[in-house]
Amino acid sequence: MSGNSRVIVVGGGNAAFAAAIAAAEKGAKVLLLEKAPKKEFGGNSRFTAGLIRFGFDNKEQVRKLVPHIADEEFAKINIIPYTVENFKHDLERKSQGKADPDMNDWMAEDSYNVMEWFVEHNIQWTWLTYIPNAIEYGFADGIVLETVGAGPGIVEMEREEALRLGVEIRYEATVYDLVQDDSGGVVGVKVRGADGAGYVEQGAVILACGGFEANPEMRSRYLGPGWNVVKVRGVRHNTGDLLDPAIRVGAQGCGHWAGCHCTTIDPDAPDLGTLESSDKTNKLSFNWGISVNAAGERFIDEGKDFNTKMYVSVGEAVARQGGNAFQVFDAVGLEHLDQRYDPEKAIMADTIEELAVAAGIDPGSLKNTVEQFNAAVQCDDIEFNPSRLDGRSTTGISPQKSNWATRIEEPPFVCYEVVTGITFTFGGLKVDRNAQVLDQGNRPIRGLYAAGEMTGGFFYYQYPAGSGLMNGAVTGRAAGWHAAEHGV
């Protein structure tokens, strides 16, 4: 049916544009319906740092993805291979074995090919910039590239490519229900326009409109008490509007409905993400110091893994401390903070007791915590190395710090207050490798597809950074290709 089919993509982020581009390149007539006004388009993708995770065997494979970078600059970059098997292992480990192995194998195995496809469609990449000293020490965590222009950059480039291929984009178009034919297949959507008037659009339907993170009622329903009041890092339009309608037409819910991607952010960040705040509110350099609650007590192993693989667990742990905590550094740790730490927001003092008073932490408790931590750092014979799990661990305290343990002893001492911010939710719809939505009997629902954060089964508990954009690209591309070939 390629060339004659009509495909409706619901959403306006990376997954939606990947689906639209894929369907259009196969000759389908594509309509993309974006709930947000034009100035706010882009979904959660616009709020990311643009990091993407993919498997590769050698440096030359990465070279093919950045043809605009000069040979002299490329030669200076230290890149540690991150194979497809590494990718699979990280996904399996972070989900504690609960993620659908076929889905995560699919994402890892397709990841490099998707990167080549992106380049073919004029999406440009550059070196990771937000981790200090990454070029000097080497890219060791599987994330090497980010999009030119970060999150706003990827959706702007994808939109331009979609328009070049003839995709029609309609803004302030809220899809609120699905249309079925007499046999139960999905043949269209019900839409409410900017003027409030309703209408129907017919075609195969790709749901790529995110999770329910901006819906306090659904957060309370699935994530539990307290989650209705957390700050939302991402787009205000991701309110889960089409999850219930999809389930009503027979879709199978899947994945970790009580789980989400969250992290530590500025306490004065807006309650809902804005284009100005974007990814700038993140506070992810917890590896280089200690984290304490309001009572001045440590509550998590700050060096268990690279921050890109544990910031979700840190965000959840902060939520369990009452929603706020403090990251404490000395002069040595300050050298490794990423650029999103604003010195003007730092609480700074010459002694730990003065720091505690300024931050509103119990001075005696924080002093005792730091003294116990410093005494437990008995690894001076191991070289500190931020590019790998260096084994510099504490002994005799709980929680221990497994890597990068250095004493908090050189003034000035600095503290940043943080709170939990939710990014996206993990529960969604079950799909196959064509991104077709499956019913309760694991049969595809004709004409219905899901991509990106609308899908479930990929992520549980924690989340390797950069795999969200890859998930959206893999599922979106598959949905677009199949819908173009077999759609309405």
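Over the Cα atoms of the stretch 414-488, how large are the radius of gyration and the largest Cα-Cα distance (Dmax), in Å?
Answer for the stretch 414-488, Rg first and Dmax second: 15.7, 59 Å.
In the P(r) worked out for the stretch 234-378, what percent of Cα pairs fall beyond 20 Å? Walk me through the numbers before you get to the answer.
Values: 5850 of 10440 pairs.
Of the Cα pairs, 56 percent sit more than 20 Å apart.
Taking Rh as the Kirkwood radius, which is the inverse of the mean 1/r over Cα pairs, what is the Rg/Rh value for the chain?
0.99
Could you calculate, for the stretch 143-211, the ratio of the Cα radius of gyration to the Kirkwood radius, expressed as Rg to Rh? Spell out each step's value before the answer.
Working: Rg = 15.8 Å, Rh = 14.6 Å.
We get a ratio of 1.09 for the stretch 143-211.
Could you tell me the distance between the Cα centroids of the stretch 109-130 and the stretch 445-470, to the nearest Å?
Using only Cα atoms, the two centres lie 18 Å from each other.
Roughly how many Å² is the accessible area per residue of the chain, as a whole number, for a 1.4 Å probe?
Values: 18120 Å² over 488 residues.
On a per-residue basis, the chain sits at 37 Å².
So what's the stretch 322-439 giving for Rg/Rh, alpha carbon basis, Kirkwood Rh from the mean inverse pair distance?
On the way: Rg = 19.3 Å, Rh = 16.9 Å.
Expressed as Rg/Rh, it is 1.14.
In the stretch 313-368, what GluC sites (Glu not before Pro) fall in a loop by DSSP, with at most 14 other Cβ atoms inside 10 Å? Each step should come with its number before you reach the end.
Numbers: sites: Glu316, Glu335, Glu344, Glu353, Glu354; in loops: Glu335.
When the GluC sites (Glu not before Pro) of the stretch 313-368 are filtered for loop state and at most 14 Cβ neighbours within 10 Å, Glu335 remain.
Averaging over all projection directions, find the projected area of the Cα convex hull of the stretch 92-220 and quote it in nm² with one decimal place. The partial results should precede the final answer.
Working: hull surface 51.3 nm².
One quarter of the hull surface, i.e. the mean projection, equals 12.8 nm².
From largest accessible area down, sort Glu85, Glu485; use a 1.4 Å probe on the protein chains. Provide the component values of the computation, followed by the final result.
Details: Glu85 115, Glu485 70 Å².
The ordering from most to least exposed comes out as Glu85, Glu485.
Express in % the proportion of alpha carbon pairs of the stretch 1-134 at distances exceeding 25 Å.
41
Please compute the length gained on full extension between Thr395 and Asp71, using 0.36 nm multiplied by the number of residues separating them and subtracting their Cα-Cα distance.
Numbers: separation 324, 0.36 × 324 = 116.64 nm, distance 4.55 nm.
Value of the extension gain: 112.1 nm.
Translational diffusion coefficient, Stokes-Einstein: compute it for the stretch 180-221 using the Kirkwood radius over C-alpha pairs as Rh, at 10 °C and 1.306 mPa s, and state it as an integer in µm² s⁻¹.
Details: Rh = 12.8 Å.
Calculated translational D: 124 µm²/s.
Once ligands and nucleic acids are excluded and a 1.4 Å probe is used, how much of Arg6 is accessible, expressed in Å² to the nearest 10?
Arg6 exposes around 60 Å² with every protein chain in place.
Among the DSSP beta bridges whose two residues both lie in the chain, what percent are antiparallel, rounded to the nearest 5?
Working: 46 of 66 bridges.
That works out to approximately 70 percent antiparallel.
In straight Cα distance, which aspartates and glutamates are under 19 Å from Lys39, not counting same-chain residues fewer than 8 positions off?
Partners within reach: Glu156, Glu158, Glu160, Glu161, Glu168, Glu172, Asp195, Glu276, Asp279.
Grab the alpha carbons of the stretch 44-120, take their convex hull, and tell me the volume per residue in Å³.
Values: hull volume 9.4 nm³, N = 77.
In the stretch 44-120, the Cα convex hull volume per residue is 122 Å³.
Keeping every protein chain in place, order Lys345, Lys304, Lys88 by accessible area at 1.4 Å, biggest value first, i.e. largest first.
Largest to smallest exposure gives the sequence Lys304, Lys345, Lys88.
What is the gain in length, in nm to one decimal, between Arg443 and Val119 on full extension, counting 0.36 nm per residue of separation less the C-alpha to C-alpha distance? Numbers along the way, then the final one.
Details: separation 324, 0.36 × 324 = 116.64 nm, distance 3.38 nm.
113.3 nm is the gain from fully extending Arg443 to Val119.
Taking a quarter of the surface of the Cα convex hull of the stretch 191-250, what do you get in nm²? Write down the numbers at each step before the final one.
Details: hull surface 21.9 nm².
Projected area, direction-averaged: 5.5 nm².
What figure in square angstrom, to the nearest 10, would you give for the accessible area of Ser45 with a 1.4 Å probe?
So the heavy atoms of Ser45 present about 10 Å² to solvent.
Run the accessible area of the chain with a 1.4 Å probe and give the carbon-and-sulfur part as a rounded percent.
Numbers: 8720 of 18120 Å².
It is 48 percent, rounded to a whole number.
For the stretch 145-294, what are Rg and Dmax over the alpha carbons, in angstrom?
Rg then Dmax for the stretch 145-294, in Å: 18.8, 61.
Suppose accessible area is computed on protein heavy atoms with a 1.4 Å probe; arrange Val7, Val230 from highest to lowest.
Numbers: Val7 0, Val230 25 Å².
Per-residue accessible area, sorted high to low, gives Val230, Val7.
The values are calculated or read from the model by the stated rules, or taken from the named source; none is laboratory data. Please read these numbers as outputs of a predicted model, since none were measured by experiment. When we count neighbours, we look across all protein chains shown, and the Cβ atoms used for this are built from the backbone with ideal geometry, even at glycine. Heads up: the accessible areas ignore ligands, DNA and RNA and are worked out on the full protein's heavy atoms, side chains in. Shrake-Rupley method; radii C 1.70, N 1.55, O 1.52, S 1.80 Å.
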